[in-house]
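The values are calculated or read from the model by the stated rules, or taken from the named source; none is laboratory data. From a predicted model like this one, the values you see are computed outputs, not experimental measurements. Note that each Cβ is placed from the backbone with ideal geometry, even for glycine, and that neighbours are counted across all protein chains shown.
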Amino acid sequence: MIKAGIIGFGYMGHFHLERIKKIEGIQVAAVFDIEESKLIEAEGEGLMVHHTLERFLDDDLTLVIICTPNNWHAPYAIAALNKGKHVMCEKPATMSVKELDEVIVCAKLKERIFTVHQNRRWDVDYQVVCDAVNSGSIGEVTTIESRVFGERGVCFGWRADPVAGGGMLYDWGVHLIDQMLQLFKGQKVVSVYARVKSILTPLVDDYFELEMKFSEGVCARIIVGTFALQKLPRWFIFGDRGTLRLDDFSGKRGGVARIKGEVKGFESVVGKKGLGPSRTMAPLEPQNIETLEFFCAEEQPMEFWRNLVGAINGLESPHIQPCEVLRQMRVVEAAFESSDKNEVIKIVI
């Protein structure tokens with residue numbers, strides 16, 4: 001039985017506790033938090049509580065789960081690794097490439113697993129997108145757009161604090177960047193352009209636009225905003241034979257269509273009248289288009305934890321590798337630099 005301990009028993013600490021209750025071969029045994037109220041909550045769950053990090057790390061734990069504000073991720077990870085514990089950290093892994101390098105070096109030195117909770121690789125909508133891209137059902141992808149919008153207009157709690165690593169680029173950005181990097185895993189990112197804004201949350205970004213260009217020509221755009229009262233699709237993908245639109249996280253609402261055979265849009269309307277604003281923008285005749293069914297994706301809410309238990313037991317490799325997280329963090333840093341300088345950042349990641 002793998003004994004796990006949680007540092008930071010807030011929302012995500014409770015989230016992981018409930019997930020782990022459903023997985024064989026692992027149990028949460030202890031909690032460390034600097035807030036007494038959180039320790040009382042942990043005691044209510046029947047867990048051992050520790051008032052100091054030292055006592056927590058001296059406990060007989062195999063795995064440490066870090067669910068603190070972002071600025072504490074690196075120091076807690078290094079402290080746990082130095083005590084011989086495996087570490088699973090909430091995203092973002094750290095607040096900088098430099099910090100992440102230090103954590104990765106420590107993990108290698110101690111021969112322990114360091115991984116990050118990039119669980120949105122198993123989202124249903126993302127699985128639908130992966131199928132469309134990898135199957136070639138809409139041809140070669142030229143541009144892919146990913147969006148997440150909220151309506152409240154603010155970042156809550158410590159996520160509104162720049163010292164704690166608040167803001168949407170660190171919060172949602174790392175998930176959506178990770179999805180793009182996995183989707184085009186065989187390609188390098190060759191440029192990053194970003195616009196990072198504080199619109200209604202004064203001290204951290206509550207809106208950003210990010211464009212990544214890949215070495216084989218694909219353009220990936222990500223937009224996140226906390227204040228959007230009208231919505232755009234969650235995903236929109238342009239292929240050279242078709243188009244995919246996914247409206248939300250369900251992976252079921254939207255549409256996917258492709259042109260039949262080698263029919264060209266302009267050729268199909270030559271000599272026609274009443275085509276709308278112009279012949280170039282005229283719709284194709286229905287017989288030239290086929291509507292496709294969405295890939296039927298299944299929920300996989302426990303895959304991250306199933307894999308991590310197997311990895312700790314030496315049966316498989318962790319799904320989320322440090323080198324992948326490092327690549328993601330380099331894109332994040334390039335995005336902040338691009339926004340600060342208002343220029344495209346040329347890179348090879």
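For the residues LYS91, LYS22, the requirement of being touching a strand residue (DSSP E or B) at 6+ places or on another chain (Cβ under 8 Å) and at negative phi singles out LYS91. Which one is nearest to SER137 (Cα to Cα), of the residues in segment 252-294 that are at pLDDT below 65 and among the β-branched types (Val, Ile, Thr)? Selected residue: VAL263.
Per the conditions (1) modelled with pLDDT under 95; (2) of a type outside the set (A, V, I, L, M); (3) over 22 Å from GLY173 (Cα atoms), the sole criterion not satisfied by ASN82 is (1). When SER339, SER317 are screened for being without any contact (Cβ under 8 Å) to a residue 24 or more places away in the chain and hydroxyl-bearing (Ser, Thr, Tyr), only SER317 passes. Please specify each residue of segment 1-38 satisfying the condition of being hydrophobic (A, V, I, L, M, F, W, C) and within 21 Å of PRO75 (Cβ to Cβ). Within segment 1-38, ALA4, ILE6, ILE7, PHE9, MET12, ALA30, VAL31, PHE32, ILE34 meet the criteria. Of the candidates ALA79, ALA42, the single residue that is among the small types (Gly, Ala, Ser) and under 28 Å from LEU109 (Cβ atoms) is ALA79.
Scanning segment 107-120 for residues that are closer than 19 Å to ASN70 by Cα and in contact with a strand residue (DSSP E or B) (Cβ under 8 Å, 6 or more places away or on another chain) returns ALA107, PHE114, THR115, VAL116, HIS117.
Evaluate segment 51-62: report whether one residue or more is on the phi > 0 side of the Ramachandran plot and either surrounded by fewer than 16 Cβ atoms within 10 Å (Cβ to Cβ) or part of a helix (DSSP H, G or I) (or both). No. For the criterion of being buried (at least 21 other Cβ atoms within 10 Å of the Cβ) and free of Cβ contacts under 8 Å to residues at least 60 places away in the same chain, CYS67 fails. Which one is farthest from VAL192 (Cα to Cα) among residues in segment 312-325 that are surrounded by fewer than 18 Cβ atoms within 10 Å (Cβ to Cβ) and hydrophobic (A, V, I, L, M, F, W, C)? Restricting to residues being surrounded by fewer than 18 Cβ atoms within 10 Å (Cβ to Cβ) and hydrophobic (A, V, I, L, M, F, W, C), the top hit is LEU315. Candidates in segment 178-214 are the residues that are touching a residue at least 60 places away in the same chain (Cβ under 8 Å) and over 16 Å from SER339 (Cα atoms); of these, the one that is nearest to the chain's Cα centre (by Cα) is ASP178.
In this structure, is ARG159 part of a helix (DSSP H, G or I), over 28 Å from VAL348 (Cβ atoms) and in contact (Cβ under 8 Å) with a residue 12 or more places away in the chain? Judged against the criteria, ARG159 is a match. Just checking, which of VAL116, VAL124 is out of contact with any helix residue (DSSP H, G or I) (no Cβ under 9 Å at 6 or more places or on another chain) and under 22 Å from ARG306 (Cβ atoms)? Sole residue among the options that is out of contact with any helix residue (DSSP H, G or I) (no Cβ under 9 Å at 6 or more places or on another chain) and under 22 Å from ARG306 (Cβ atoms): VAL124. The helices (runs of 4 or more DSSP H) found entirely in segment 72-150 that carry 1 or more residues being without any contact (Cβ under 8 Å) to a residue 24 or more places away in the chain and either surrounded by 17 or more Cβ atoms within 10 Å (Cβ to Cβ) or not assigned by TED's automatic domain parsing to the domain that holds THR243 (or both) are 73-82, 97-110.
All conditions but one from (1) crowded, with 21+ Cβ neighbours inside 10 Å; (2) hydrophobic (A, V, I, L, M, F, W, C); (3) outside any strand (DSSP E or B) apply to ALA194; the one that does not is (3).
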